[in-house]
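The values are calculated or read from the model by the stated rules, or taken from the named source; none is laboratory data. Small disclaimer: the values here were computed from a predicted structure and weren't measured. Please note: Cβ atoms are built from the backbone with ideal geometry, for glycine as well, and neighbour counts cover all protein chains shown.
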């Protein structure tokens, strides 16, 4: 299911990403929740200590896939494109 316009507004960042590259996502609403990343995927991430509304993440595998990135009630589907 594609991301809604509301999700695209509140979670700012790429929907289609490449493997082994770091991407930044920023929640554009009120800081009243926390980031969650789908656990069963090869993802490395860190939340910015100075700005907890910002998260950096990387798909740490060479194969394609997809995963959910959430902040509160907003969930963005991220699609990982193959290196080839």
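Entry remark, the range 14-51: residues being under 13 Å from residue 68 (Cβ atoms) and either in a loop (DSSP other than H, G, I, E, B) or in contact with a helix residue (DSSP H, G or I) (Cβ under 8 Å, 6 or more places away or on another chain) (or both) number 5 in total.
Of the residues making up the range 62-84, those that are part of a loop (DSSP other than H, G, I, E, B) and either out of contact with any strand residue (DSSP E or B) (no Cβ under 9 Å at 6 or more places or on another chain) or surrounded by 14 or more Cβ atoms within 10 Å (Cβ to Cβ) (or both) are 62, 64, 72, 73, 84.
When the range 29-50 is filtered for residues that are more than 18 Å from residue 81 (Cβ to Cβ) and in contact (Cβ under 8 Å) with a residue 24 or more places away in the chain, the ones remaining, listed by number, are 29, 32, 33, 34, 35, 36, 37. You will find that of 15, 4, 36, 22, the residue that is surrounded by 12 or more Cβ atoms within 10 Å (Cβ to Cβ) and at pLDDT below 95 is 4 and no other.
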